[in-house]
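A short reminder: the numbers here are calculations on the coordinates, not readings from a lab. The structure presented is a predicted model; accordingly, all values stated were derived computationally and were not measured. Cβ coordinates were reconstructed from backbone atoms using ideal geometry, including for glycine residues, and neighbour counts include every protein chain displayed.
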Amino acid sequence: MCLVHESVKCPCCQALMQPDVLYAYSSMHGVYVFARCTNHSCEKTFISKYKSTGETLSDGYRPYTFSSIVRDAGVETKTFSEIISNISPSFVRIYNQAYTAQQLSLSDICGVGYRKAIEFLIKDYIISKLSDEATKEKIKRKQLMQCIEQDIDDAKIKAVAARATWLGNDETHYVRKWEEKDVHALCTLIDLTIHWIESEIESERLLKEMPEPRK
């Protein structure tokens, strides 16, 4: 199978661009491609269909050209709290790209997206508590597990974030260490990480607003 690279109009922003192909699936009806818009102000994902040209290349591959956008995929978008959205809009964007892939049964790639989302959530959470720009830059370049072990004080956030990272790493490696765990367990750990981050931040806000009992 060989996809002919050509410009496609993004169904979300209408920009004419060459999409970034994330995953392709061949069926009797043609080739379905899960792609991302390369317009930097958009970068949303969509599905397109490619059809065979009827030719066979000298190397044995059959070329496929763009046919149409699949507009009725029916995928959902997960909404996050204002706390999480403010801390890490990048996490929200990346998580929903992975969530889209999961809903489309692209199980081999959605876990990789969730792993990337975890890194943005944890690092942006740590950075949100810092004022020194040099320290912020160090966090951006630091290994994720080092950030979790060294830069998070809350024991519950530290514990669930570490385990989310373990399972996220499994999604990127050839050999899995946690064979009995799947992407659903990973999503549960991400949800728990979010819960404890929100609990910590909301608790700090209320304690700051109510430092002493009123007389």
Original post:
Along the Cα-to-Cβ line of Val112, 7 Å from the Cα, sits a label point; which residues in the stretch 1-34 have backbone N less than 12 Å from it?
Top reply: 21-24
**OP:** Select from Pro11, Ile190, Ile139 the residue farthest towards the positive end of the dipole of the chain; place +1 on Cβ of Lys and Arg, -1 on Cβ of Asp and Glu, and compute about the Cα centre.
**Re:** Pro11
**OP:** Would you mind ranking Ile157, Ile87 so that the residue whose beta carbon has the fewest other beta carbons within 10 Å leads the list?
**Re:** Ile157, Ile87
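Between beta-carbons, use under 13 Å as the cut-off and find the net charge around Gly30, counting Lys and Arg +1, Asp and Glu -1.
Working: positive: Lys49, Lys51, Arg62; negative: none.
Charge balance near Gly30 sits at +3.
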Original post:
For Arg176, Arg214, what's the fewest-to-most ordering of other Cβ within 10 Å of each Cβ?
Top reply: Arg214, Arg176
Original post:
How high is the relative contact order of the chain, in percent, counting Cα pairs under 8 Å that sit 6 or more residues apart?
Top reply: 12
Original post:
Tyr23's amide H: which non-local residues (gap 5+, or another chain) put their own amide H closer than 5 Å, with H modeled 1.01 Å from N in plane and none for Pro or chain starts?
Top reply: Phe34
**OP:** Distance from a point 7 Å along Cα→Cβ of Asp154 to each backbone N in the stretch 100-122: keep the residues under 18 Å and list them by number.
**Re:** 118-122
Original post:
Which whole-Hz ³J(HN,Hα) couplings does the stretch 62-70 yield from phi under the Karplus relation 6.51 cos²θ - 1.76 cosθ + 1.60, θ = phi - 60°, glycine and proline marked x?
Top reply: 9, x, 10, 10, 4, 10, 6, 8, 8
Subject >> the stretch 132-209: C-alpha gyration tensor shape, a/c 1.5 cut-off, then a/b vs b/c >> reply: oblate
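Just the ratio, please: alpha-carbon radius of gyration of the stretch 2-70 over 2.2 N^0.38 Å, N its number of residues. Mind showing how you got there, number by number?
Numbers: Rg = 12.3 Å, N = 69, 2.2 N^0.38 = 11.0 Å.
Computed over Cα atoms of the stretch 2-70, the ratio equals 1.12.
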Subject >> Degrees, to the nearest 10: 89-103 long Cα axis against longest axis of the chain >> reply: 50
Original post:
Using alpha-carbon pairs under 8 Å, 6+ residues apart, how would you state the relative contact order of the stretch 108-199 in percent?
Top reply: 37
**OP:** Can you tell me how much longer the chain between Val4 and Ala134 gets when fully stretched, taken as 0.36 nm per residue apart minus their C-alpha distance, in nm with one decimal?
**Re:** 42.3 nm
**OP:** For the stretch 168-173, just list the computed ³J(HN,Hα) in residue order, Karplus coefficients 6.51, -1.76 and 1.60, θ = phi - 60°, integers in Hz, with x standing in for Gly and Pro.
**Re:** x, 5, 4, 5, 9, 10
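Could you order peptides 197-205, 25-33 by the average number of other Cβ atoms within 10 Å of their residues, highest first?
Working: 197-205: 15.1, 25-33: 13.3.
Output ranking for 197-205, 25-33: 197-205, 25-33.
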Subject >> Qualifying aspartates and glutamates (Cα of each under 19 Å from Cα of Lys140; at least 8 residues distant if same chain) >> reply: Glu119, Asp124, Asp132, Glu149, Asp151, Asp153
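Just from its helices, what would the mean residue ellipticity at 222 nm be for the chain, if runs of 4 or more DSSP H residues each count -39500 (n - 2.57) and the sum is divided by every residue, rounded to the nearest 500 deg cm²/dmol?
-15500 deg cm²/dmol
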Original post:
Taking only the alpha-carbon atoms of the chain, what semi-axes of the equivalent ellipsoid follow from 5 times the gyration tensor eigenvalues under a square root, in whole Å, largest first?
Top reply: 40, 19, 16
